[in-house]
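Values in this text are rule-based calculations from the coordinates and carry no lab data. Here the structure is a predicted model, which means the values were calculated and not measured. A quick note on method: Cβ atoms are made from the backbone with ideal geometry, for glycine too, and the neighbour counts reach across all protein chains shown.
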Amino acid sequence: TIGNLRMLQKLSLGLNSLAGTIPSTIGRMKSVREILLSRSHLTGTLPTTFGNLSKLENLELYGNELVGSIPSQLGQCLMLKRIDLFNNKLNGTLPIELVNIGLLQIFHLKTNQLSGTLPQGMGTMPLLSWFDASSNQLT
C-alpha cells in the first residue's frame, strides 16, 4: 500500500483519473513533505491519519469530490505552510486545532460547503498571508 513508502518525500499524482478515496495508510508516510493530489477525481473523506504526518509542508487536494469535514488532526501537522482544499464538497466547521499551525502561510478553502464561524485565534496566525474561504456558508 501507499503507506509502505515511508521514505517518500513528495507524492505528486495530480491531474490523473485516480478515482476512489485517499487511503488511511497515507498516514504512515513519515517522511512525506508534499502531497499533491489535485484534480484527480478523488472522493470520500480526508483521512484523520493526516495528523501523523509531522513533516508535511504542502497539502494540495483541490478540485476533487472530497466530502465530510476537515479533520481536527490536521492541526497536528505543525510544519504545514500550504493547505489547498478548494473546489471540493467539504462541510462542517473549521476545527480550532488549525490555529496551532504557526507556519501556515496559504489556506485556500474556496468553493466548499463549510459553515459556522472562523476559529477563535485565527487572527493571530503569524505567517498566514493568504486565506480564501469564499463561496462557503461561513457566518
Restricted to pairs 8 or more residues apart or on different chains, the lysines in the chain with C-alpha atoms under 12 Å apart form a number of pairs equal to 5
Going residue by residue through region 109-119, the Karplus relation 6.51 cos²θ - 1.76 cosθ + 1.60 with θ = phi - 60° gives ³J(HN,Hα) values, rounded to whole Hz and with x marking Gly or Pro, of 10, 3, 6, 10, 10, 6, 9, x, 10, 5, x
Among region 124-139, those whose backbone N falls under 17 Å of a label point 7 Å along Cα→Cβ from Ser69 are 137-139
The ³J(HN,Hα) series, computed from each phi in region 45-62 with the Karplus coefficients 6.51, -1.76 and 1.60 at θ = phi - 60°, rounded to the nearest Hz and given as x for glycine or proline, is 9, 7, x, 5, 5, 3, x, 7, 8, 5, 9, 5, 10, 9, 10, 10, 10, 6
For the chain, whose charge dipole is built from +1 on Lys and Arg Cβ atoms and -1 on Asp and Glu Cβ atoms, the candidate among Thr117, Leu13, Met29 with its Cα farthest towards the positive end is Met29
If amide H atoms are modeled at 1.01 Å from N in the peptide plane, then the residues at a separation of 5 or more from Gly116, or on another chain, having amide H under 5 Å from its own are Thr139
Computed over the chain, the relative contact order (Cα-Cα under 8 Å, seq sep at least six) in percent reads 17
Per the C-alpha gyration tensor (a ≥ b ≥ c, the square roots of its eigenvalues), region 12-54 is rounded if a/c is under 1.5, else prolate if a/b beats b/c, else oblate; here it's oblate
Full extension between Lys30 and Leu13 adds, at 0.36 nm per residue less the Cα distance, a length in nm of 4.3 nm
Given unit charges at Cβ for Lys, Arg (+) and Asp, Glu (-), the dipole magnitude of the chain about its Cα centre in debye, nearest 20, is 360
Scattering profile of region 33-115 from the Debye formula, Cα beads only, expressed as log10 I(q)/I(0) at q = 0.13, 0.16, 0.20 Å⁻¹, is -0.33, -0.52, -0.85
Label model pair Gln113, Ser134: point-to-point distance (7 angstrom along the Cα→beta-carbon line) in nm is 2.2
Taking placed amide H atoms and a strict 5 Å upper bound, the residues 5 or more places from Leu18 or on another chain that come that close are none
Here the averaged projected area of the chain, based on the convex hull of its alpha-carbon atoms and given in nm², is 7.0
Mean Cβ-within-10 Å packing, highest first, puts peptides 116-127, 91-102, 66-77 in the order 66-77, 91-102, 116-127
